[in-house]
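Here is the structure we will look at, set down as structure tokens.
The values are calculated or read from the model by the stated rules, or taken from the named source; none is laboratory data. What you see is a predicted model, and the numbers here were worked out from it, not measured in a lab. Here the Cβ positions follow ideal geometry from the backbone for every residue, glycine too, while neighbour counts run over all protein chains shown. Keep in mind that these areas ignore ligands, DNA and RNA; they rest on the heavy atoms of the full protein, side chains included. Shrake-Rupley method; radii C 1.70, N 1.55, O 1.52, S 1.80 Å.
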Amino acid sequence: DPSKAEAELTLGRALYKNESYVDARLVFEKLAFNDTDSERAQAAWFLAARSAAFVAIPSSKEEALTLFDKAISAKGPLTSAAMMEKASLMITLNRLAEATAFLRKWYDSLSPTDPLRIPAGLLYGEAIYAQGSKNVSSLTQALAIYDELLKHPATTPAFVNRIQYLRGMTLEQLPDEKNPNAKREDYALAAYHSVLSNSASPPPEWHYLELSGFRALEILERSKRWYAAIDIAKKIASFNGPRAAEAANRAKQIQLKNNIWED
């Protein structure tokens, strides 16, 4: 029946949405093997990989990587999505060297103006950054990628917030060039502060804006720069976001603890 493949795809999706991932994977794999429609077959491989990745058994997650490879080799509209999800899974599985090599090859193959360079670059930076505790040069490489992404013509204000937050996190761990015994906290602070100072109200996104604000607040409190810390806390609160009350309370606590009162 010509509608058999569509029915199988619908059944697999229903099982997937019902979190019956083992059964969903079986349906999708069978469909992928037998379907003559290349785009539908790729979708089946892709969803089979996703289903395998959600199963708690470690071996299933490893098998998901092979299934993502099948979706990638099918060369259809889901190729880039499959590459991103495969890379993300490799990072989750702590296969960082493999993830880095995979993402480097993909990232370098993309045109400098290709919009895909942004999500691919963010994953690439994440894989390299995760190796920073063992290799400081990895942090320098991650920072260079984030600096490239800031210049990308397709970088939106929401992406800028995320990239500046990631830059700040990286800079916090890098040794200061002038004083190797210290970290580049002032540079990190500048990255975090740029998110707060360049965001409109309401901002393009909340998550990285507030993360940046609170990281800046921690640096200022750690260095006992109380007046600047109060200003940052109030700035976070002024956006009236999800953590506005927490920020306002932090400002009050700093004032009370240090006997700082406004006129």
Per the filter on region 151-160, residues over 15 Å from Tyr107 (Cβ atoms) and either among the aliphatic types (A, V, I, L, M) or within 12 Å of the chain's Cα centre (by Cα) (or both) are Ala158, Phe159, Val160
If the requirement is being hydrophobic (A, V, I, L, M, F, W, C), within 21 Å of Gly125 (Cβ to Cβ), out of contact with any Ser or Thr (no Cβ under 9 Å at 6 or more places or on another chain) and in a helix (DSSP H, G or I), which of these qualifies: Ala216, Ala245, Ala233? Ala216
Before we move on, is Ala200 at pLDDT below 95, under 26 Å from Ile230 (Cα atoms) and either surrounded by fewer than 17 Cβ atoms within 10 Å (Cβ to Cβ) or of a type in the set (Val, Ile, Thr) (or both)? yes
Of the residues Leu150, Leu166, Leu174, only one is over 14 Å from Ile128 (Cα atoms) and either open to solvent by 50 Å² or more (accessible area, probe 1.4 Å) or in contact (Cβ under 8 Å) with a residue 12 or more places away in the chain (or both); which? Leu150
Name the pairs: first residue in region 200-220 and farther than 17 Å from Tyr187 by Cβ, second residue open to solvent by 50 Å² or more (accessible area, probe 1.4 Å) and part of a loop (DSSP other than H, G, I, E, B), Cβ to Cβ under 6 Å, at least 6 apart or on different chains? Trp206/Pro242; Glu210/Arg243
Matching residues in region 30-66 - criterion: being open to solvent by 40 Å² or more (accessible area, probe 1.4 Å) and within 21 Å of Pro77 (Cα to Cα): Lys30, Phe33, Asn34, Thr36, Asp37, Ser38, Glu39, Arg40, Arg50, Thr66
Within region 206-227, does at least one residue satisfy the condition of being surrounded by fewer than 22 Cβ atoms within 10 Å (Cβ to Cβ) and on the phi > 0 side of the Ramachandran plot? yes
Looking only at residues in region 84-101 that are at negative phi and of a type in the set (S, T, N, Q), which one is nearest to the chain's Cα centre (by Cα)? Ser88
So, Ile118, is that one touching a residue at least 24 places away in the same chain (Cβ under 8 Å), open to solvent by 10 Å² or more (accessible area, probe 1.4 Å), under 30 Å from Arg40 (Cβ atoms) and among the β-branched types (Val, Ile, Thr) or not? no
Within region 1-24, which residues are crowded, with 17+ Cβ neighbours inside 10 Å and out of contact with any Phe, Trp or Tyr (no Cβ under 9 Å at 6 or more places or on another chain)? Ala5
